[in-house]
Amino acid sequence: MLGLTLPPPYPDELIGSVLCRAAVHLGLSYKQMVPTILGTSQVTLSFFLPSALSRLASLMRKDAEQVLWQNTVFPYAVAFMPLEEVERMKRKVLANDGSLAALIQSATNGMTGLRYCPDCVSHDIQTFGESYWHRAHNLPACHVCLVHDQPLHVTSIDMAKSSRACAYGVPQYLSGAPSAPALEITLQHALASASHRLCTAPQTAKQSHLEQYHRQAQTKGYEMKDGQIASSQVSHDLTQFYGEDYLDSLGVGMRSRVKGWPAMMVRPGTTVPFSPVKHVLLRTFLEQCPEGSKELAYRPPGKAPLDPATLDPQLAKMVRRAHIRANQRLVTMTATKLMQSTGHWQAFRHKRSQFPLTEAELLAFRASEASERKLGGRAAHQRNMARKKASKL
Ligand SMILES: [Zn+2]
């Protein structure tokens with residue numbers, strides 16, 4: 001097709017979204033459009049990081065490298081690679097040389113469907129006359145729009161088949177349910193900000209991230225008396241912090257806490273690479289977990305028991321998170337079972353008065369629908385109480 005061009009990308013627009021819009025503008029089906037613009041028999045292109053990027057960029061009248069950094073998930077996928085590896089990857093993509101599947105997977109793993117923010121859709125229609133798919137909304141562990149401070153909506157467009165996503169059109173023609181991970185909203189913000197920063201921060205010479213995590217774990221109280229890091233405790237506490245279900249939903253759940261990826265990431269001398277989402281999760285956890293000595297699993301025999309004043313705020317937070325998770329998963333449990341799941345039931349049960357924050361959270365839990373023996377409120381419980389009262393008269 002002579003004189004065929006693609007529209008230039010909007011700010012933070014994923015390249016697949018440009019193709020979605022182009023198909024509409026050109027009045028072609030997506031299947032017709034791809035072979036036409038590429039001049040080959042290829043009919044699909046990755047939504048996030050397509051092959052033939054240089055060809056697509058020239059049709060947009062843009063510099064290919066600029067499109068690579070601004071409109072694909074490339075910066076997220078390579079954010080923790082050494083600079084020379086980033087250069088090698090960049091040359092590979094721009095030369096259309098070999099499969100990009102591993103890079104794409106590291107930037108889309110654990111995502112279920114394409115996401116959009118309804119307020120961004122309205123804003124984009126008002127500003128540009130059409131909506132588009134934003135990169136910042138479609139990164140792993142991103143559940144909120146940082147501009148409008150509201151949950152992203154998740155469509156049923158399967159990410160595993162994202163190469164066909166372009167056929168579905170732009171977000172204004174789709175619907176989705178609000179993303180509702182069992183995480184506090186401040187934590188959702190922290191994860192979205194950390195992920196977004198990976199795409200927007202300039203690529204500079206990086207110090208070793210793993211060394212940085214090791215030092216951070218030391219300062220947060222994970223250093224044992226012999227100078228070693230209690231690495232499996234980091235795995236345990238990170239799992240408590242996010243919840244097993246959430247980690248599983250991102251495809252980063254772990255069977256063994258000792259060999260779990262957080263433990264490996266804080267041990268000195270680790271050289272294996274980890275996916276960007278693991279960096280984001282560990283980084284955010286280490287930033288947010290309280291300072292001070294932890295209940296270390298490798299405690300030498302006879303060590304003094306945990307100080308309730310240190311444990312109380314941490315435990316209260318764990319109870320609040322377990323409460324939120326139970327509510328969102330619509331499960332009920334007893335307060336004892338909830339406390340046992342934190343691993344601190346024994347420390348708590350004999351010194352309840354020294355855990356005022358935890359007690360307050362537990363009381364809130366027991367008054368909620370998630371509590372198996374709800375305080376007041378539940379009809380059967382009230383009937384039992386009435387019966388007991390009547391029998392005493
Ligand atoms: Zn928005």
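The values are calculated or read from the model by the stated rules, or taken from the named source; none is laboratory data. Computed from a prediction, not measured in an experiment: that's the story for all the values here. For neighbour counting, all protein chains shown are included, and Cβ atoms are generated from backbone atoms with ideal geometry for every residue, glycine included. Quick note on the areas: whole protein, heavy atoms, side chains included, nothing else; ligands and nucleic acids left out. Shrake-Rupley method; radii C 1.70, N 1.55, O 1.52, S 1.80 Å.
For beta carbons closer than 6 Å, sequence separation of 6+ or different chains, a first residue in segment 98-119 that is at negative phi and aromatic (Phe, Trp, Tyr) and a second that is part of a strand (DSSP E or B) and away from the ligand (no atom under 16 Å from the Cβ), there are no qualifying pairs. For HIS123, state whether it is modelled with pLDDT of 95 or more, over 21 Å from the mean Cα position of the chain (by Cα) and within 16 Å of the ligand (Cβ to nearest atom). So HIS123 passes the test.
Could you list all residues from segment 107-126 that are in a helix (DSSP H, G or I) and touching a Pro at 6+ places or on another chain (Cβ under 6 Å)?
Taking segment 107-126 and keeping what is in a helix (DSSP H, G or I), we get 107-108, 118-126.
Scanning segment 107-126 gives a single hit, VAL121.
Note on segment 360-371: residues that are in contact (Cβ under 8 Å) with a residue 40 or more places away in the chain and open to solvent by 80 Å² or more (accessible area, probe 1.4 Å) amount to 1.
Give segment 251-270 a look and list any residue that's open to solvent by 30 Å² or more (accessible area, probe 1.4 Å) and either in contact (Cβ under 8 Å) with a residue 60 or more places away in the chain or small (Gly, Ala, Ser) (or both), or say none. I'd like the intermediate steps shown before the answer.
Keep residues of segment 251-270 that are open to solvent by 30 Å² or more (accessible area, probe 1.4 Å), which gives 251, 253-259, 264, 267-270.
Listed by number, the residues that qualify are GLY251, GLY253, SER256, GLY269, THR270.
Which residues, counting only those in segment 213-228, are modelled with pLDDT under 90 and on the phi < 0 side of the Ramachandran plot? Residues satisfying the conditions are GLU223, MET224, LYS225, ASP226, GLN228. When we screen GLY113, GLY98 for residues that are open to solvent by 40 Å² or more (accessible area, probe 1.4 Å) and either more than 13 Å from the ligand (Cβ to nearest atom) or acidic (Asp, Glu) (or both), the only hit is GLY98. The set of residues from segment 52-72 being open to solvent by 20 Å² or more (accessible area, probe 1.4 Å) and touching a Pro at 6+ places or on another chain (Cβ under 9 Å) comprises ARG61, LYS62, TRP69, GLN70.
Among the residues of segment 16-46, just one is open to solvent by less than 10 Å² (accessible area, probe 1.4 Å) and under 17 Å from GLY98 (Cα atoms), namely LEU45.
Does segment 148-156 contain any residue that is more than 16 Å from the ligand (Cβ to nearest atom), modelled with pLDDT of 90 or more and not polar (S, T, N, Q)?
Start the filter on segment 148-156 by keeping residues that are more than 16 Å from the ligand (Cβ to nearest atom), which leaves 156.
Still in the list and also modelled with pLDDT of 90 or more: none.
Scanning segment 148-156, I find no residue that is more than 16 Å from the ligand (Cβ to nearest atom), modelled with pLDDT of 90 or more and not polar (S, T, N, Q), so the answer is no.
Examine segment 71-94 for a residue that is free of Cβ contacts under 8 Å to residues at least 12 places away in the same chain, within 25 Å of LEU250 (Cβ to Cβ) and either in a helix (DSSP H, G or I) or touching a Gly at 6+ places or on another chain (Cβ under 9 Å) (or both), and state whether such a residue exists.
From segment 71-94, those free of Cβ contacts under 8 Å to residues at least 12 places away in the same chain are 84-85, 87-88, 91-92; that's our starting set.
When the remaining residues are screened for being within 25 Å of LEU250 (Cβ to Cβ), the result is 85.
Of the ones still in play, those that are also either in a helix (DSSP H, G or I) or touching a Gly at 6+ places or on another chain (Cβ under 9 Å) (or both) are 85.
Among the residues of segment 71-94, at least one is free of Cβ contacts under 8 Å to residues at least 12 places away in the same chain, within 25 Å of LEU250 (Cβ to Cβ) and either in a helix (DSSP H, G or I) or touching a Gly at 6+ places or on another chain (Cβ under 9 Å) (or both), which makes the answer yes.
Cβ separations smaller than 7 Å between residues 6+ apart or across chains give the following pairs from segment 134-145 residues that are within 13 Å of the ligand (Cβ to nearest atom) to residues that are open to solvent by 10 Å² or more (accessible area, probe 1.4 Å) and of a type in the set (Phe, Trp, Tyr): HIS137/TYR116. On the stretch given as segment 312-359, residues that are open to solvent by less than 60 Å² (accessible area, probe 1.4 Å) and more than 22 Å from GLY292 (Cα to Cα) total 11.
Report yes if TYR76 is of a type in the set (Ser, Thr, Tyr) and within 16 Å of the ligand (Cβ to nearest atom), otherwise no. Here the answer is no, as TYR76 does not meet what is asked.
Condition (residue is out of contact with any strand residue (DSSP E or B) (no Cβ under 6 Å at 6 or more places or on another chain), of a type in the set (A, V, I, L, M) and under 18 Å from SER193 (Cα atoms)) applied to segment 98-116: is it met by at least one residue? Yes, segment 98-116 contains a residue that is out of contact with any strand residue (DSSP E or B) (no Cβ under 6 Å at 6 or more places or on another chain), of a type in the set (A, V, I, L, M) and under 18 Å from SER193 (Cα atoms).
The requirement of being in contact with a helix residue (DSSP H, G or I) (Cβ under 7 Å, 6 or more places away or on another chain), outside the structural domain of THR284 (by TED's automatic domain parsing) and either farther than 18 Å from GLY169 by Cα or surrounded by 18 or more Cβ atoms within 10 Å (Cβ to Cβ) (or both) is not satisfied by ASN138.
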